[in-house]
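This report refers to the structure that appears directly beneath it.
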């Protein structure tokens, strides 16, 4: 008997549903036995089936969170003024952004959703440095910049792990 998909391969296997001859390359192991690819009906899990409407929802929620977290980050930084506090702020805002993006798409998962959440943390930090409601004096020092970059990286990592 020859495989239906690969006519040069001999086989003794048949699909458990339709009876079509299949070779080990075509075999899909299912809980009820060996099936051909047509009968196995391979599909992605619904958690990983993200449509354009879900991406638009995620982007809308992310932009709203970027402005809200950016404003809060700016206000807290002005009131407290301790550079090391940025680690705690970045972690908290990363968690919040990841949760809101995840919940806005009904806990769907994809690399692009993780990218959206990570980019939102960066955008919220940029908004906290350069707020749209007016200029703010920004001082740049090498240690301060390193601390801020590490804090933002922590926030991005937490946001990505919440969505991924």
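Is there any pair with a first residue in the range 114-137 that is more than 14 Å from residue 100 (Cβ to Cβ) and a second that is part of a loop (DSSP other than H, G, I, E, B) and modelled with pLDDT under 75 whose Cβ atoms are under 6 Å apart and which are 6 or more apart or on different chains, and what are they? Taking only residues 6 or more apart or on different chains, the pairs are 129/138.
Step by step: first the residues of the range 64-85, then only those that are in contact (Cβ under 8 Å) with a residue 60 or more places away in the chain and within 23 Å of the chain's Cα centre (by Cα), then the one that is nearest to residue 120 (Cα to Cα). Which residue is that? Filtering first and then ranking leaves 66. Could you please find all residues in the range 105-124 being over 8 Å from the mean Cα position of the chain (by Cα), part of a helix (DSSP H, G or I) and either surrounded by fewer than 20 Cβ atoms within 10 Å (Cβ to Cβ) or at positive phi (or both)? If the condition is that a residue be over 8 Å from the mean Cα position of the chain (by Cα), part of a helix (DSSP H, G or I) and either surrounded by fewer than 20 Cβ atoms within 10 Å (Cβ to Cβ) or at positive phi (or both), then 119, 122, 123 are the ones that fit. Of the residues making up the range 8-36, those that are exposed (fewer than 15 other Cβ atoms within 10 Å of the Cβ) and within 33 Å of the chain's Cα centre (by Cα) are 25, 29, 30, 31.
Just to be sure, is residue 59 free of Cβ contacts under 8 Å to residues at least 24 places away in the same chain, part of a helix (DSSP H, G or I) and in contact with a helix residue (DSSP H, G or I) (Cβ under 8 Å, 6 or more places away or on another chain)? No: the conditions fail for residue 59.
Has the range 61-75 got any residue that is farther than 27 Å from residue 164 by Cα and crowded, with 16+ Cβ neighbours inside 10 Å?
The answer is yes, given that some residue of the range 61-75 is farther than 27 Å from residue 164 by Cα and crowded, with 16+ Cβ neighbours inside 10 Å.
Does residue 91 meet the test of being farther than 30 Å from residue 26 by Cβ, crowded, with 16+ Cβ neighbours inside 10 Å and without any contact (Cβ under 8 Å) to a residue 40 or more places away in the chain? Considered against the rule, which asks whether it is farther than 30 Å from residue 26 by Cβ, crowded, with 16+ Cβ neighbours inside 10 Å and without any contact (Cβ under 8 Å) to a residue 40 or more places away in the chain, residue 91 comes out as no. Report yes if some residue within the range 89-103 is at pLDDT 90 or above, within 22 Å of residue 142 (Cβ to Cβ) and part of a helix (DSSP H, G or I); otherwise report no. Yes, the conditions are met somewhere in the range 89-103.
The residues of the range 11-56 that are touching a helix residue (DSSP H, G or I) at 6+ places or on another chain (Cβ under 9 Å), part of a loop (DSSP other than H, G, I, E, B) and under 30 Å from residue 97 (Cα atoms) amount to a single one, 50.
The values are calculated or read from the model by the stated rules, or taken from the named source; none is laboratory data. Worth saying up front: this structure is predicted, and the values here are computed from it rather than measured. Backbone-built Cβ (ideal geometry, glycine too); neighbour counts: all protein chains shown.
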